[in-house]
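J.: Just passing along the structure, written as structure tokens.
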Amino acid sequence: MSKELSKTYDPKDIEDRLYKKWEDNGYFHAEVDRSKKPFTIVMPPPNITGQLHMGHALDNTMQDILIRYKRMQGYNALWQPGTDHASIATEVKVIQSLKEQGINKADLTREEFLDKCWEWRKEYGGRIVKQLRKLGSSADWQRERFTMDEGCSHAVQEVFTKLYKKGWIYKGSRIVNWCPVCKTSISDAEVEHEEQDGFFWHINYPVVGEEGRFVEIATTRPETLFGDTAVAVNPDDERYKDIVGKTLKLPMTDREIPVIADAYVDKEFGTGCVKITPAHDPNDFEVGKRHNLEEIVVLKNLSDRLMERIHNNYRSIVGINTCLIAGGVMGIFPPTTSALLHNTSTLLISLQSMKDLLDK
């Protein structure tokens, strides 16, 4: 007696059985065959930070369509699967998971924490592969890789070493997004910018050789003053044309810095004079490259709690938490210093908050 067809489609009765048959028969596996033209897709490895989302589903469906089409055309087609360790994002997830279990990362040894990370990888890396299989992805699972596999790690080291020896990669200075918690740089894609009300702090920079003459700077970042290596004005700004090329005395230091002309400066913003700190602002960094300015790192890693190049008279600032430096510098400036509200993506701690923290 023939079996009656179900009124509704039930994928559980068909898809798992069919996919297993495909795998058991090696339909997705590729070996070297010089008689066929090769076609390869390397799967962008999903991060093991959790599970797949709709974007992964769309992306892998498109890849699956292409690889199946090429197989039918007679190509020796390989779809190379794998997962990515995404160390920074994964570390955050692992730490969150440990907190939920009442475990503090600081209480673990390096080896113990790595064991926790590998446990996470086993759980979520395996979950991702299961999800890809559920999608029907015709990847060559016999070749599955993880970016922290011994072979992958060795290959990365070998390639970077070769590139370095050839002079194709080098160590250079760049502005990075620094995470004070993970104590590492993170990509632009992992940074969320938020506008907040801040302050303009007006500071007078004396013109060298012209007693009583000053250039007024309006800045939202007084704490980076010690890293200033120039003051920039717009070349079309008539107010400051006569001081381009002259030097200014950097307040609270023995250094003198030049006045430069650069189109980056907005004449209508602030006073029209911009302090240039190449090591602490992406735009200043580019200005510094154009004018060959020195890059002075002022605010170091929070674990260091140090400021460089500070005049001996102000050594008392050294050792203060970097979030308090802004307040400390502001307190040193003369009472004529004023503040104006404006929108900024930089958070400056208020003087009252600084006092509260110092009292603690």
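J.: Residues in region 98-110 that are in a helix (DSSP H, G or I) and either surrounded by 15 or more Cβ atoms within 10 Å (Cβ to Cβ) or touching a Ser or Thr at 6+ places or on another chain (Cβ under 8 Å) (or both): how many?
T.: Looking only at that region, the number is 1.
J.: Another question, then. Exactly one condition in (1) in a helix (DSSP H, G or I); (2) closer than 30 Å to R110 by Cα; (3) out of contact with any Asp or Glu (no Cβ under 9 Å at 6 or more places or on another chain) is not met by T61; state its number.
T.: Among (1) in a helix (DSSP H, G or I); (2) closer than 30 Å to R110 by Cα; (3) out of contact with any Asp or Glu (no Cβ under 9 Å at 6 or more places or on another chain), T61 violates only (2).
J.: Could you list all residues from region 146-201 that are in contact with a strand residue (DSSP E or B) (Cβ under 6 Å, 6 or more places away or on another chain) and farther than 28 Å from V94 by Cα?
T.: Result: E195, D197, G198, F200, W201.
J.: Quick one: what pairs do we get from region 54-80, first residue over 15 Å from G136 (Cα atoms), second outside any strand (DSSP E or B) and not aliphatic (A, V, I, L, M), C-beta under 6 Å, 6+ apart or different chains?
T.: Y75/K37; N76/D33; N76/K36; A77/K70; A77/R71; L78/D140
J.: Cβ-Cβ below 8 Å, separation at least six or inter-chain, first residue in region 120-134 and assigned to a helix (DSSP H, G or I), second of a type in the set (G, A, S) and modelled with pLDDT of 90 or more: which pairs?
T.: Close Cβ pairs satisfying both conditions: W120/S97; L132/A139.
J.: Considering only region 1-41, state which residues are part of a strand (DSSP E or B) and without any contact (Cβ under 8 Å) to a residue 40 or more places away in the chain.
T.: Scanning region 1-41 gives F39, I41.
J.: Give region 223-246 a look and list any residue that's in contact with a Ser or Thr (Cβ under 6 Å, 6 or more places away or on another chain) and of a type in the set (S, T, N, Q), or say none.
T.: T224
J.: Check P278, P222, P251 and return the single one that is out of contact with any strand residue (DSSP E or B) (no Cβ under 8 Å at 6 or more places or on another chain) and in contact (Cβ under 8 Å) with a residue 40 or more places away in the chain.
T.: Of the residues listed, the single one that is out of contact with any strand residue (DSSP E or B) (no Cβ under 8 Å at 6 or more places or on another chain) and in contact (Cβ under 8 Å) with a residue 40 or more places away in the chain is P278.
The values are calculated or read from the model by the stated rules, or taken from the named source; none is laboratory data. All values reported here derive from a predicted model rather than from experimental measurement. When we count neighbours, we look across all protein chains shown, and the Cβ atoms used for this are built from the backbone with ideal geometry, even at glycine.
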